[in-house]
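Let me begin by presenting the structure, written as structure tokens, before commenting on it.
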Amino acid sequence: TLTPSTRLPHFFRCRRGERYSMTLIHFYLLYVFIHMYPQQNQMKLILRVNGMKTGIGKTTCRTKIVPMAIALAASMDEVKWADRLDPRNHHAFFPVGFTTVWDTVPIYVATPTNSRMNRYLYQPKYKNCVMKVQVAVSFLLQIVYYSCLHIGTAHDGSIYTNTLDQHPFETWEWGLGDMIYQTAHHLLLKHRKPTRRRNQPPPPPLTSAQLAANDRLDFARSGVERVFANLTNHKAFQSRPGFRGTLASLTAYVHVIVQTTAAMYRHHKSRHGRGLGPYPHDWRDDDDRTVDLTGP
């Protein structure tokens with residue numbers, strides 16, 4: 001519920017005879033906006049529960065809440081690329097040289113009336129029109145990079161390559177990705193079963209060492225999947241057939257939700273990854289000789 005005005009900063013205080021100031025109401029709605037899809041009827045219901053009879057309209061949401069959300073997203077700085085080099089950001093199966101796990105998060109959107117735009121956004125994998133957000137997460141469950149918004153039919157590998165200048169890797173640095181990042185630089189993927197050619201004998205199966213390496217990579221990725229799940233399953237994006245609104249509003253929603261999710265994992269100790277260390281990430285020794293990381 002809304003806090004009484006006597007406990008609020010000066011610019012939140014109410015005028016005499018008023019229970020809540022409009023600034024306080026708009027600020028409170030911003031938190032509603034962060035935690036659920038901000039439809040007009042939902043905001044009205046929440047405000048009625050907390051003592052406001054009339055609720056708000058679409059114009060108030062567009063002119064008051066969305067600009068405040070955009071300003072909040074612009075001022076938050078919870079996603080830091082340098083955090084991937086934390087001395088404790090290590091995994092037992094990838095002790096040195098590996099810092100991040102990469103994937104894209106789908107944002108469901110309503111089907112556009114424009115058929116050409118519909119073809120750009122419709123993704124058969126999700127059976128819906130989507131926009132994509134590229135996210136990188138460290139082994140300590142910290143979101144260290146994200147980029148948005150990308151059309152639903154864009155290839156994940158192309159998104160990664162086109163944004164490579166925004167997340168420069170060290171020469172010795174690698175990340176973990178899934179099978180779709182086949183042509184991406186600085187990403188380690190699972191071993192892929194060779195394709196059977198027509199009129200050719202079947203290719204040999206993967207060796208036990210390759211299968212074990214795939215299991216290690218899957219295990220390392222599974223430890224950070226909860227972060228991607230928190231973004232994908234956020235209440236703000238749970239309506240179907242998807243988000244309805246302007247591209248500017250959707251961009252604001254994504255920035256606010258990614259930043260607040262990053263803040264949740266950064267400041268809540270119970271959500272921190274275990275990590276290992278402190279150890280250096282650079283796998284080269286002082287004489288610039290390489291170290292064998294493949295093992296026996």
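The values are calculated or read from the model by the stated rules, or taken from the named source; none is laboratory data. Keep in mind it's a predicted model, so treat the numbers as computed, not measured. Here Cβ is always computed from backbone atoms with ideal geometry, including for glycine, and neighbour counts include all displayed protein chains. Just the protein is used for accessible areas: all its heavy atoms, side chains included, with ligands, DNA and RNA removed. Shrake-Rupley method; radii C 1.70, N 1.55, O 1.52, S 1.80 Å.
Structure above, values below:
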| quantity | calculated |
| --- | --- |
| Test: residue in segment 210-226 that is touching a helix residue (DSSP H, G or I) at 6+ places or on another chain (Cβ under 7 Å), of a type in the set (Lys, Arg), outside any loop (DSSP other than H, G, I, E, B) and closer than 26 Å to Asp77 by Cα | no |
| Residue pairs meeting the criteria (Cβ under 9 Å; at least 6 apart or on separate chains; first under 18 Å from Tyr120 (Cα atoms), in segment 140-152; second open to solvent by 10 Å² or more (accessible area, probe 1.4 Å) and aromatic (Phe, Trp, Tyr)) | Ile151/Tyr120; Gly152/Tyr120; Gly152/Tyr122; Gly152/Tyr126 |
| Segment 168-182 residues that are closer than 21 Å to Trp81 by Cα, paired with ones that are of a type in the set (S, T, N, Q) and modelled with pLDDT of 90 or more (beta carbon under 8 Å, 6 or more apart) | Glu173/Thr99; Trp174/Thr99; Gly175/Thr99; Gly175/Thr100; Leu176/Thr100 |
| Scan of segment 189-214 for residues that are of a type in the set (Val, Ile, Thr) and either open to solvent by 100 Å² or more (accessible area, probe 1.4 Å) or in contact (Cβ under 8 Å) with a residue 40 or more places away in the chain (or both), ordered by number | Thr195 |
| Answer residue from segment 250-271, given it is among the polar types (S, T, N, Q) and in contact (Cβ under 8 Å) with a residue 60 or more places away in the chain and is nearest to Ala110 (Cα to Cα) among those | Thr251 |
| Filtered residues of segment 276-296 (kept if of a type outside the set (D, E, K, R) and modelled with pLDDT of 80 or more) | Leu276, Pro278, Tyr279, Pro280, His281 |
